[in-house]
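Derivation of every value follows stated rules applied to the coordinates shown; laboratory data play no part. Worth saying up front: this structure is predicted, and the values here are computed from it rather than measured. Cβ coordinates were reconstructed from backbone atoms using ideal geometry, including for glycine residues, and neighbour counts include every protein chain displayed.
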């Protein structure tokens, strides 16, 4: 399977973050989808079944923790690998993310090389 077949959803209300991740991942050949709020994120996960979801915590409509929990509780969607990508780096926030079902937790600002490495590790195993 080539990377062209791998789908990544970027869910963040910050346009700069969406743009940065799009720029970074587009060149790698992934099929990208973008969401600006929690409600749209859930709809897009159900519609596109991404392999990986980059998920911000502080989003309009539904926060990232609730989005994560909703996805992980759905048998048809729970295989989605969720990476929380947020400015909230406190240990309590990271624990809350794990409790919601997140597979990974990355604190902003992030290193582009770390993002690429993590994606290749995750998708290399799928």
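Some notes on this structure:
- Averaging the sequence gap over all C-alpha pairs within less than 8 Å and six or more residues apart, then dividing by the number of residues, gives segment 42-113 a relative contact order of 31 percent.
- Within the chain, helix-based [θ] at 222 nm, where runs of 4 or more DSSP H residues each add -39,500 (n - 2.57), nearest 500: -13500 deg cm²/dmol
- Shape call, the chain: gyration tensor on alpha carbons, a/c limit 1.5: rounded
- Virtual paramagnetic centre 7 Å along Cα→Cβ of residue 46, amide N under 17 Å, in segment 69-84: 69-80
- Between segment 16-53 and segment 74-126, the alpha-carbon center distance in angstrom: 13
- Computed packing ranks the peptides 90-98, 63-71, 31-39 as 63-71, 31-39, 90-98, most packed first, by mean other Cβ atoms within 10 Å.
- Anisotropy class of segment 25-80 from Cα gyration tensor, a/c 1.5 cut: oblate
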